[in-house]
Structures are given as structure tokens and as C-alpha cells.
Amino acid sequence: MITYRSYQSGDEVQIVNLWNNSLPRDPITAKRFRNLVLLDANFDPKGLSLAFDEDKLVGVVYGLRRLLPMIGTELEEENGWITFFFVDPEYHRKGIGSELLNQVDAFFKENNRTSIFFASYAPNYILPGLDEESYPEAYEFLLNHGFQKLYSPVAMDRNLLDFKLSDEILELKKKREAEGYTISIAEDKDLYEVIQFANHVFNPDWGRAIREGLLQVLPMERVLIARHHQELVGFCLYGGYEGIPERFGPFGVDPNQQGKGLGKLLLQECLFQMKAEGLHNAWFLWTGEKSAAGHLYLKTGFHITRKFHVMKKDI
């Protein structure tokens with residue numbers, strides 16, 4: 001007989017073990033589970049629903065809502081997120097996933113949520129969406145339970161072994177420098193400005209990533225900024241998410257500065273720094289395949305390695 005309940009202290013060992021047995025392309029360590037789930041400011045045990053066959057964990061669905069604003073006082077009180085779910089492969093097609101999802105839906109309804117997303121949650125998303133190629137059954141499961149595909153970001157990787165700054169890039173750099181543009185490693189005096197720039201021009205999660213990264217594991221020399229005279233016009237960094245050095249981003253240039261090749265210069269300078277540090281690869285999880293950034297990455301030698309679907313349903 002299958003029984004259901006919410007997370008209790010001590011369940012995390014079985015959760016991590018079942019995760020790694022169920023999601024072979026995306027294993028997790030106990031440390032990452034602790035950091036991304038248990039220590040998330042928005043973690044609520046009531047949203048982590050578990051299924052057991054006697055004492056054996058056989059299924060998990062995790063739903064959460066925002067308890068701490070990303071910026072200001074905005075709690076996105078209509079939204080909820082599911083960031084992972086899985087059922088023991090030996091227990092598929094027994095209705096366990098459906099019942100777990102019903103319980104998480106009840107959790108969301110109790111908290112007045114009307115829009116549920118998989119899995120575009122910040123700050124601690126595991127993946128940006130559902131990888132249909134890796135988990136076709138999971139994709140069908142969400143479709144069958146009322147989720148619809150919103151958009152499909154892609155992950156990209158670039159091997160750095162053949163990377164070098166081309167003559168074209170060096171010439172462009174000279175031209176921009178003659179116009180008063182500079183690219184440099186961030187200093188203490190830049191931090192407030194670059195965090196606010198990331199928050200307000202782009203995404204509050206980017207500002208958070210810079211601030212928390214520097215507090216925890218991110219060395220200052222992995223943060224590059226672009227200025228036009230004294231005005232901050234762009235930034236990029238690597239190693240900011242979970243302290244993984246080869247993970248690139250976030251990265252952004254003031255939209256008012258488009259057309260000058262600043263994004264190309266910042267990206268190239270950042271990849272140069274990564275290679276100089278001895279890294280062999282650069283990768284990130286989320287960009288729009290057809291976006292301006294996506295085109296820039298492809299022209300710079302990145303290639304698409306995974307595709308995800310951000311999905312939503314209304315309850």
C-alpha cells in the first residue's frame with residue numbers, strides 16, 4: 001500500500017538516492033540538495049510531497065512559493081513553482097505521480113496560487129525546464145496534467161582549447177577604447193553599481209547571483225565590467241552559480257549600447273580569462289535559441305547541448 005506525506009527531517013537521504021536512481025542525466029549530491037532545497041529561503045516542508053511503499057521512498061514532487069522577495073517587496077503571490085519530480089522506475093504507471101501532483105496542487109490552492117510553473121524558479125532552480133529528449137515520459141506527464149509549454153530555452157557549451165582572441169576582436173577593442181570604452185576586472189567601488197544595474201536593467205536574480213556569489217565563493221577577478229567613460233554599460237562573470245568555475249554567466253549589456261559590439265567584446269574577454277585560468281570549457285543553462293544573445297553565443301563557438309520546456313498550468 002502506497003502512503004503519502006510531506007517531508008520530515010531525515011528524508012533527504014532517501015530523496016537524494018531516489019533522485020539519482022530516477023534522473024540519470026541530472027544526478028545530485030547531498031550537499032547540492034541541502035544548498036538548493038533545504039537552505040533555500042523559500043523552502044516549506046509542506047510543499048515537498050513524498051510517496052512511500054512501507055518505509056521505501058518511491059516518489060517525490062516539490063512545490064514552493066515565494067516567502068522572501070527577490071527584490072523589494074514583490075512576493076509574486078499568484079505564482080507557484082514545481083522544480084523537480086520523479087517516481088522510482090519500478091513504480092511507474094501506478095498513479096503515484098498523479099497523486100503526488102494532486103497533493104502539491106492542494107498545497108498551492110491553500111496558499112492562493114493560481115499559476116504553476118515548471119520550472120522557471122529563481123534563485124535555486126535545478127534545471128530551467130523539462131528536457132523532453134532526456135525525460136519524454138515526464139514531459140507527457142505534465143501535458144496530461146494540464147501544463148502547457150510556454151517557451152524553450154537552451155543550454156550551450158563551448159570547448160576553450162581552440163579559443164583565442166582574433167585579430168578582428170583585438171581591432172574592435174582598440175576602436176571602442178578610442179571612443180572611451182573600457183573592460184576591466186571589477187573592484188569594490190563597482191559592486192553596488194553593478195548589482196543595481198543587473199537588478200534593474202535585467203533580472204533581480206542576476207543581481208542576487210553576483211552578491212551571493214561574491215559573499216560565498218566567487219573571486220572578484222571572475223567579474224568583468226564595461227564602462228563608457230564613467231557610466232557602467234555591461235558586465236559578465238563566471239563561477240557565480242554554485243561556485244562552478246566553468247559555468248558562465250550572468251552576462252548583459254545596456255540595451256541603449258547595442259550595435260557597438262560590446263557584448264561580443266565582453267564575452268570574448270570573459271572566455272579569455274577563463275582559458276587563462278586553466279579552464280577547458282564554458283557552459284550555461286539558459287538562453288533563448290533565437291535571441292540576440294543566442295545568436296552571439298553560436299557565433300562565438302558555443303553549441304546547443306540541451307533544450308528545455310518552461311511549462312505552466314492554471315489552477
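The values are calculated or read from the model by the stated rules, or taken from the named source; none is laboratory data. Here the structure is a predicted model, which is why all the values come from computation and not from measurement. Reconstructed Cβ throughout: ideal geometry from the backbone, glycine too, with neighbour counts over all protein chains shown.
Scanning the range 275-282 finds one or more residues that are in contact with a helix residue (DSSP H, G or I) (Cβ under 6 Å, 6 or more places away or on another chain) and either more than 27 Å from Arg66 (Cβ to Cβ) or free of Cβ contacts under 8 Å to residues at least 40 places away in the same chain (or both).
In the range 196-247, of all residues being β-branched (Val, Ile, Thr) and out of contact with any Cys (no Cβ under 9 Å at 6 or more places or on another chain), the one that is surrounded by the fewest Cβ atoms within 10 Å (Cβ to Cβ) corresponds to Ile244.
Yes or no: the range 247-264 includes at least one residue that is within 16 Å of the chain's Cα centre (by Cα), of a type outside the set (Phe, Trp, Tyr) and farther than 27 Å from Leu172 by Cα. For the range 247-264, residues within 16 Å of the chain's Cα centre (by Cα), of a type outside the set (Phe, Trp, Tyr) and farther than 27 Å from Leu172 by Cα: absent.
Condition check ((1) under 25 Å from Pro136 (Cα atoms); (2) among the aliphatic types (A, V, I, L, M)) across all residues:
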| site | (1), (2) |
| --- | --- |
| Leu50 | yes, yes |
| Gly63 | yes, no |
| Ile71 | no, yes |
| Glu78 | no, no |
| Trp81 | yes, no |
| Phe84 | yes, no |
| Leu101 | yes, yes |
| Val104 | yes, yes |
| Glu110 | no, no |
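Okay, residues lined up against (1) in contact with a Ser or Thr (Cβ under 6 Å, 6 or more places away or on another chain); (2) free of Cβ contacts under 8 Å to residues at least 24 places away in the same chain; (3) surrounded by 18 or more Cβ atoms within 10 Å (Cβ to Cβ):
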position: Phe107; (1), (2), (3): no, no, yes
position: Glu110; (1), (2), (3): no, yes, no
position: Pro123; (1), (2), (3): no, no, no
position: Ser134; (1), (2), (3): no, no, no
position: Phe147; (1), (2), (3): no, no, yes
position: Ala178; (1), (2), (3): no, yes, no
position: Ile183; (1), (2), (3): no, no, yes
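Name, by its number, the condition in (1) part of a helix (DSSP H, G or I); (2) surrounded by 12 or more Cβ atoms within 10 Å (Cβ to Cβ); (3) not small (Gly, Ala, Ser) that does not hold for Phe86. Result: Phe86 passes all but (1). Screening the candidates Leu271, Leu298, Leu279 for the property of being farther than 23 Å from Asn199 by Cα, at pLDDT 95 or above and part of a loop (DSSP other than H, G, I, E, B) yields one hit, Leu279. The lone criterion from (1) assigned to a loop (DSSP other than H, G, I, E, B); (2) in contact with a helix residue (DSSP H, G or I) (Cβ under 9 Å, 6 or more places away or on another chain) left unmet by Gly207 is number (1). Checking Val253 against (1) free of Cβ contacts under 8 Å to residues at least 60 places away in the same chain; (2) within 23 Å of Phe308 (Cβ to Cβ); (3) among the β-branched types (Val, Ile, Thr), which single condition isn't satisfied? Every listed condition holds for Val253 apart from (2). For the range 241-265, filtering for residues that are within 11 Å of Phe284 (Cα to Cα) and at pLDDT below 95 leaves 1. I need the full set of residues from the range 246-281 which are aliphatic (A, V, I, L, M) and under 15 Å from Arg227 (Cα atoms), in order please. Hits for the range 246-281 are Val253, Leu262, Leu265, Leu266, Leu267. Residues in the range 45-75 that are closer than 27 Å to Ile244 by Cβ and surrounded by fewer than 17 Cβ atoms within 10 Å (Cβ to Cβ): Leu67, Leu68, Pro69, Ile71.
Restricted to the range 139-197, and to residues there that are polar (S, T, N, Q) and in a helix (DSSP H, G or I), the residue that is farthest from Leu232 (Cα to Cα) is Asn144. With respect to (1) within 20 Å of Ser134 (Cβ to Cβ); (2) at pLDDT below 95, the lone exception for Asp26 is condition (2).
Comparison of Ala138, Ala155, Ala106, Ala178 shows that the only residue that is assigned by TED's automatic domain parsing to the domain that holds Leu23 and small (Gly, Ala, Ser) is Ala106. Taking the range 210-244 as the range and being within 27 Å of Ala30 (Cα to Cα) and part of a strand (DSSP E or B) as the test, the residues that pass are Leu237, Tyr238. Of the residues contained in the range 113-128, none is found to be among the basic types (Lys, Arg) and outside any loop (DSSP other than H, G, I, E, B).
Just one of the numbered conditions (1) of a type outside the set (A, V, I, L, M); (2) surrounded by fewer than 17 Cβ atoms within 10 Å (Cβ to Cβ); (3) under 30 Å from Asp314 (Cβ atoms) is not true of Arg32: (3).
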